[in-house]
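Trainee: Have a look at the structure that comes next, please.
The values are calculated or read from the model by the stated rules, or taken from the named source; none is laboratory data. Computed from a prediction, not measured in an experiment: that's the story for all the values here. Don't worry about glycine lacking a Cβ; one is built from the backbone with ideal geometry, like all the others, and counts go over all protein chains shown.
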Ligand code: IMP
């Protein structure tokens, strides 16, 4: 079994990835390798940020590793909140962040948006990227109690309910993160065959 460090301490994300990659890889968290640093995330794209995480871990710990970065892109806001999704209003308060998106979209007709995830993988010194996206639109007001972040205002194409009105199981089948993780998992399965 090969060790692979995931640049996160989010138990949910760790479990999700471990379940998909199965018994070939042991996924370790930042805590597991004793990394308690605030890893810099100063890039202007999801890809830059994901890469920063793996570059940091590789240079400091010399480990095979992967890291992800995600967010919401709203077309009429020129792709904002984008890499600023977690702190769009200047704080981590998601109520405020959602309010700001709704306010800035108030007089816009185009409400198309997407969630995106980019995963950076450093394996045997080689750099790989995996991406997932889900297209949809931003509604006028919040609906639903599930999920997190911008879920209450996002309806994926082909559905009539928000991510926050879906069960975790339903969302996790189609989400940007699920798509990116599936790609990573498929790649890891392939390379671990030999
Ligand atoms: P992270 O890179 O996965 O930590 O995501 C950064 C930010 O993007 C989060 O704090 C959320 O505001 C937003 N975000 C990412 N994924 C989702 C999602 O699946 N639903 C709602 N918001 C999300």
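Trainee: Just checking, does region 53-64 include any residue being within 16 Å of the chain's Cα centre (by Cα), part of a helix (DSSP H, G or I) and under 30 Å from residue 138 (Cα atoms)? Quick ask: steps written out before the conclusion?
Mentor: To start, the set of residues in region 53-64 that are within 16 Å of the chain's Cα centre (by Cα) comprises 53-54.
In the following step, the residues that additionally are part of a helix (DSSP H, G or I) were identified as 53-54.
Narrowing further to those that are under 30 Å from residue 138 (Cα atoms): 53.
Yes, because at least one residue in region 53-64 is within 16 Å of the chain's Cα centre (by Cα), part of a helix (DSSP H, G or I) and under 30 Å from residue 138 (Cα atoms).
Trainee: While we're on this one: Tell me yes or no: at least one residue of region 64-75 is over 27 Å from residue 187 (Cα atoms) and either within 11 Å of the ligand (Cβ to nearest atom) or at pLDDT 95 or above (or both).
Mentor: Initially, region 64-75 is screened for residues over 27 Å from residue 187 (Cα atoms), giving 74-75.
This time we only want the ones that are either within 11 Å of the ligand (Cβ to nearest atom) or at pLDDT 95 or above (or both), so: 74-75.
Within region 64-75 (the criterion being over 27 Å from residue 187 (Cα atoms) and either within 11 Å of the ligand (Cβ to nearest atom) or at pLDDT 95 or above (or both)), the answer is yes, since at least one residue qualifies.
Trainee: Quick test for you: out of 112, 117, pick the one residue that is buried (at least 16 other Cβ atoms within 10 Å of the Cβ), under 21 Å from the mean Cα position of the chain (by Cα) and under 27 Å from residue 50 (Cβ atoms).
Mentor: None of the other options fit; the residue is 117.
Trainee: Can you find a residue in region 21-36 that is within 20 Å of residue 150 (Cα to Cα) and part of a strand (DSSP E or B)? Spell out how you get there, then give the answer.
Mentor: Applying the first criterion (within 20 Å of residue 150 (Cα to Cα)) to region 21-36 yields none.
Taking every residue of region 21-36 in turn, none turns out to be within 20 Å of residue 150 (Cα to Cα) and part of a strand (DSSP E or B).
Trainee: Would you point out the residue of region 17-46, among those that are farther than 16 Å from residue 57 by Cβ and crowded, with 16+ Cβ neighbours inside 10 Å, that is modelled with the highest pLDDT?
Mentor: Ranking the candidates gives 46 first.
Trainee: Give the residues of region 37-52 that are within 30 Å of residue 110 (Cα to Cα) and either away from the ligand (no atom under 13 Å from the Cβ) or in a helix (DSSP H, G or I) (or both), sorted by residue number.
Mentor: The answer is 42, 44, 46, 47, 48, 49, 50.
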